[in-house]
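Inspection log for the structure reproduced underneath, given as structure tokens.
Every number in this text was worked out from the coordinates using simple rules, so none of it is lab data. Given the structure is predicted, the values throughout are model-derived calculations rather than measurements. Using ideal geometry, Cβ is built from the backbone for each residue, glycine included, and neighbour counts are taken over all protein chains shown.
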Amino acid sequence: MRSIVSVLLLGCLLGLMPAPQAADAPKIKVLLITGDDVMPAHDWPSVSAATRDILARSGKFEVKVCEDAGILDSAMSLKRYDVIYFAMYNARTPPLSEQARENLLNFVKGGKGFVVAHLASASFKEWPEFGQLCGRYWVMGTSGHGPRGKFQVRVADTTHPIVRGLTAFEADDELYAKLQGDAPIRVLLEADSDWSKKTEPLAFVLDYGQGRVFHHTFGHDVKALQNSPVETIIVRGTEWAASGQVR
């Protein structure tokens with residue numbers, strides 16, 4: 001009888017113990033490519049550091065910062081990552097080699113992610129396919145913005161996981177306008193530009209092969225990034241580009 005009671009007590013105690021926690025999901029591996037931009041208008045070292053901090057603080061990512069776009073020459077190096085976060089404009093960086101172009105396109109087409117931020121879409125103007133990859137892209141002398149300042153951002157597609165639950169918010173940044181391109185995109189955030197007199201897409205996504213692209217236009221400086229909704233879409237957008245979902 002005593003042994004039966006002991007077994008019952010042990011069962012009760014085990015029932016009170018917390019269930020083993022599931023193993024933590026592996027962190028998403030991000031390659032943040034930076035190292036060049038229009039200076040001093042864009043202080044790329046501080047903006048890149050702030051971007052890395054936003055991603056790292058989320059706890060979802062392992063971020064490698066590379067200040068040399070030449071890393072794209074190595075397909076073996078790119079295989080280590082789930083998503084490339086492209087945060088540079090090649091003001092002084094030479095055009096990509098044919099191998100680097102092929103590696104980048106194959107990386108995304110093969111099912112991985114690409115994030116493009118702010119002026120990065122103006123890069124490699126001699127390479128039309130880069131503009132297609134970005135969905136919309138900045139063209140010098142055509143694209144532009146009014147004075148940097150505060151403006152209202154609207155959620156254009158409440159069903160997408162990157163912006164689900166977000167509401168309209170105030171940004172303090174440059175409102176990019178007249179980005180070019182005709183690739184099919186899904187607009188997530190938009191704002192009315194006094195400069196172009198049009199409603200402009202500020203964040204959008206597109207499929208590229210088996211991969212995913214998230215493009216946002218925020219990030220003139222650190223102050224522009226230190227905005228809770230902007231930080232949220234950077235984290236969610238990078239996760240979505242890498243995996244197709246947001247946890």
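Scan region 193-247 for residues that are outside any strand (DSSP E or B), surrounded by fewer than 23 Cβ atoms within 10 Å (Cβ to Cβ) and among the acidic types (D, E) and jot them down.
Listed by number, the residues that qualify are D194, D221, E231.
So, in region 44-101, exactly how many residues are hydroxyl-bearing (S, T, Y) and more than 25 Å from W127 (Cα to Cα)?
3
Considering every residue within region 143-155, establish whether at least one is farther than 16 Å from G219 by Cα, touching a residue at least 40 places away in the same chain (Cβ under 8 Å), in contact with a helix residue (DSSP H, G or I) (Cβ under 9 Å, 6 or more places away or on another chain) and not hydrophobic (A, V, I, L, M, F, W, C).
No, because not a single residue in region 143-155 is farther than 16 Å from G219 by Cα, touching a residue at least 40 places away in the same chain (Cβ under 8 Å), in contact with a helix residue (DSSP H, G or I) (Cβ under 9 Å, 6 or more places away or on another chain) and not hydrophobic (A, V, I, L, M, F, W, C).
Go through region 44-63 and count every residue that is assigned to a loop (DSSP other than H, G, I, E, B) and either surrounded by fewer than 15 Cβ atoms within 10 Å (Cβ to Cβ) or small (G, A, S) (or both).
Qualifying residue count for the region: 2.
Is it the case that L188 is within 22 Å of F114 (Cβ to Cβ), surrounded by 15 or more Cβ atoms within 10 Å (Cβ to Cβ) and in contact with a Gly (Cβ under 9 Å, 6 or more places away or on another chain)?
Considered against the rule, which asks whether it is within 22 Å of F114 (Cβ to Cβ), surrounded by 15 or more Cβ atoms within 10 Å (Cβ to Cβ) and in contact with a Gly (Cβ under 9 Å, 6 or more places away or on another chain), L188 comes out as yes.
Just to be sure I understand, how many residues within region 165-182 are within 14 Å of R148 (Cβ to Cβ) and either out of contact with any Asp or Glu (no Cβ under 7 Å at 6 or more places or on another chain) or not in a strand (DSSP E or B) (or both)?
Count: 7.
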